[in-house]
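Have a look at the structure that comes next, please.
What follows is calculated from the coordinates using simple rules that are stated; it is not laboratory data. This structure is a prediction, so every number in the text was calculated from the model and none was measured. Ideal geometry is used to build each Cβ from the backbone, glycine not excepted, and the neighbour counts take in all protein chains shown.
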Amino acid sequence: HNIDIREEAPDQTAKRMFSLLGILKYKPPGCASDMSAFRQGLVTGSKPIIHPILHWLLQRTNELKKRAYLARFLVKVEIPADFLQDDVVADTYHQYEELVEGFKTLHRECEQLKNCGFSTAEIRRDINAMEEEKDQLIKRVERLKKRVDTVSNHQRMLEMARQLRVEKEREESLMQQKQEQKNQLFHAEQRLQRAQQQLKDLRQASADAKPESLMKRLDEEIKFNTYMVSDKLPKELESKKKTVHYLQKVVAEPAMGHSDLNELEAKIQEVNTQINQLIEKRMMRNDPTDDKLFLFRQQASIISRKKEAKAEELQEGKEELLIMEKELAQKTNQARDFDGTEVLKGDEFKRYVSKLRSKSTVYKKKRQELAELRTEYGVLQRTEEILKQRHEAIQQQLQAVEAKHGITGFSDTQEELERVSALKSELDEVKGRTLDEMSEMVKKLNALIAEKKTALAPVIKELRPLRQKCQELTQEYEEKKSLYDSCAAGLESNRSKLEQEVQGLREECGQEETRYHYINCLKKITERQIQRAADEMKLYVSADPQERRKALREQYNRNILEQENMGKKLREKQKAVRESHGPNMKQVKMWRDFEQLMECKKLCFQKQQNQNSIGQVIQEGGEDRLIL
């Protein structure tokens, strides 16, 4: 802040310091109640306030410099909501927010480049090395140009080479684009299959979902939620409040010694003994055998405890399900970020496995074709070796004939002369070398060839039987491998069929189990209804009038009789009201007329009183007053 505080008001200075410390995220020592003292000490320049701030600033100079630099661009300007109603101001503010986001991305990229590990010394060394390589390449290009200048049509050949390079680069780019498009197509097909499967599942779910099942599920959810809201949660809240109240009470009390604790324990024991005595008296007064509702209360308490336990288990299961769904979403996101594809599920994984199996069969066929080609190549190679051996035998016979006629080495010399003449003509055309140099080169080459032949002759003799054995073993291996592949493919197909059959049987078993449980429930409901009908029949047929009165038929008959009597009384009352309606209405009209008559009399009386009071003279205290 480039400001002279001698010319600035203390309030402005304190406000500016507070804002800067807030941007730098400085936390003053002490609790929140000391903030007023901290502000006062900062304004007055108190040493216990200023020195910790300076110590904190000097320890984190680089970090705070960076934070202050970023605050100049990232702390947004506060604009009232009324001003943002203007379109121009709103557009400008939107542009300002976009620039702030752009600054964040650029600053992040800059930090990544700074932390990427490249130093200036390494970059300079790389630049020097590249310059040296550039000089070497320039020299090599110049030498190649000098060599090529002697060749006829070198410009046309260079142009063709350039075109070939361009076409190869284009071919590589097209192949890369093709591969990318294949990958995109594969991912799109996977997404399409996944969407189709989801659509199919949703349709099946909507087709299977009946209104009765949906209503039943909704009723269960409503009952559970109402139980949680009306019974369980209020009880838990009340218990928590009581616990907090007890804890606050304990905290508010002064510290207790050992004697105080002994006194409290003694009081607790006395109260417990009194409670036990009262319970014994109550049990003696109220015998549970005489209390008919005791068993029902006990059953109700057991059912309520079971209900609470099941509700807690259900709540824990829901929470665990939510946690598992979150973990599944995180794992799928991690897999998608790592591989770029989503994790396959269910039918998608099966389709993927079937594709792999089809590809494996194609691969096995291609591998078999490749093995056949390799065997054919081995046969051709063996044929070539046999032809070479025949050629060597003919050469030996030719040498023997030449030795008989006294012209040993004539054929070799003739071949060498032909080759040397060819080399001589080529070298004369290209570089103009002399015949002596060519002959010396030919001699050297002949000597090297002879040395290599003599050195490789025993190795070749040892290698021939080994090659034949290797070919036989390779052929036997390929036959065994083809048999193994066919057997493995058959076993794999049988295994997949058995898995499908097992899956179908498991599904059928599950359906039969659900059907069994459903029929069992219907059976129990029917038995309960039959039992109720039997009990009702027993009560109805019973000779005891008290037992007969407990029957539902008798109760319903009593209710019907009571309702009929009530309806009879109401009809009689209605008839009486109808008969007295006319005279009562006349009486009401007469009372209203009488009320209007009395109102008229009252008004007339008031008017008369007012007229009599006008112009009245009153004498009081020797004075005369006229009242109008």
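Taking the Cα centre of the stretch 448-529 as the origin, how large is its charge dipole in debye, to the nearest 20, when only Lys and Arg (+1) and Asp and Glu (-1) carry charge on their Cβ atoms?
340 debye
Once you place label points 7 Å from the Cα toward the Cβ at Ala455 and Thr44, how far apart are they in nm?
10.0 nm
So, one more: Once you put a point 7 Å from the Cα of Gln136 and another 7 Å from the Cα of Lys607, both along the Cβ direction, what distance in nm separates them?
About 13.5 nm separates the two model spin labels.
With point charges of +1 on the Cβ of Lys and Arg and -1 on the Cβ of Asp and Glu, referenced to the Cα centre of the chain, which listed residue (Val271, Gln368, Leu448) lies farthest in the positive direction of the dipole?
Of Val271, Gln368, Leu448, it is Val271.
Let me ask something else. List the lysines whose Cα sits under 19 Å from the Cα of Lys365, skipping any in the same chain fewer than 8 residues away.
Lys355, Lys480, Lys481
Starting from the Cα coordinates of the stretch 506-561, work out the convex hull volume and express it per residue in Å³.
Given the Cα convex hull of the stretch 506-561, per-residue volume reads 74 Å³.
Of Gln471, Ile127, Ile3, which is farthest along the charge dipole of the chain in the positive direction, counting Lys and Arg as +1 and Asp and Glu as -1 at C-beta?
Of the listed residues, the answer is Gln471.
With just the Cα atoms of the stretch 16-139, tell me how far they stretch along each of the three principal axes, in Å, largest first.
So the extents along the principal axes, rounded to whole Å, are 79, 49, 20.
May I pose another question? Kindly rank 87-93, 592-598 from highest to lowest mean number of other beta carbons found within 10 Å of each residue.
Ranking, from highest mean packing down: 87-93, 592-598.
Place the peptides 78-86, 539-547 in order of packing, highest mean first, counting for every residue the other Cβ atoms within 10 Å and averaging per peptide.
Going from most to least packed, we get 539-547, 78-86.
Treating only the Cβ of Lys, Arg, Asp and Glu as charged (+1, +1, -1, -1), what charge dipole size does the chain show about its Cα centre? Round to the nearest 20 debye. Walk me through the intermediate numbers first.
On the way: 116 positive and 109 negative charges, 365 e Å.
Using only the charged Cβ atoms, the result is roughly 1760 debye.
Ok, one more. Taking the Cβ-Cβ separation of Arg162 and Ser358 as r and a Förster radius of 51 Å, what is the calculated FRET efficiency to the nearest 0.05?
Efficiency at R0 = 51 Å is approximately 0.70.
Computed over the Cα atoms of the chain, what is the convex hull's projected area averaged over all directions, in nm²?
So the Cα hull casts an average projection of 93.6 nm².
Can I ask one more? Quick query: amide H of Ser542 versus all other amide H atoms, modeled in the peptide plane; which residues come in under 5 Å with a sequence gap of 5 or more or a different chain?
Close amide H contacts, sequence-distant or interchain: none at all.
I would also like to ask the following. Tell me which lysines have Cα within less than 21 Å of Lys145's Cα, excluding those fewer than 8 residues away on the same chain?
Lys134, Lys431
Pairs Lys240/Lys331; Lys240/Lys318; Lys168/Lys452; Lys524/Lys550; Lys216/Lys331; Lys25/Lys76: which exceed 28 Å Cα-Cα?
Lys240/Lys331; Lys168/Lys452; Lys216/Lys331
Mind giving me the nanometre distance, one decimal, between the label points for Leu233 and Leu278, set 7 Å out from Cα along Cα→Cβ?
So the two model labels end up 3.4 nm from each other.
Using the charge dipole of the chain (Lys, Arg: +1 at Cβ; Asp, Glu: -1 at Cβ; taken about the Cα centre), state which of Leu561, Ala90, Ala188 has its Cα farthest towards the positive end.
Farthest along the dipole direction, towards plus: Leu561.
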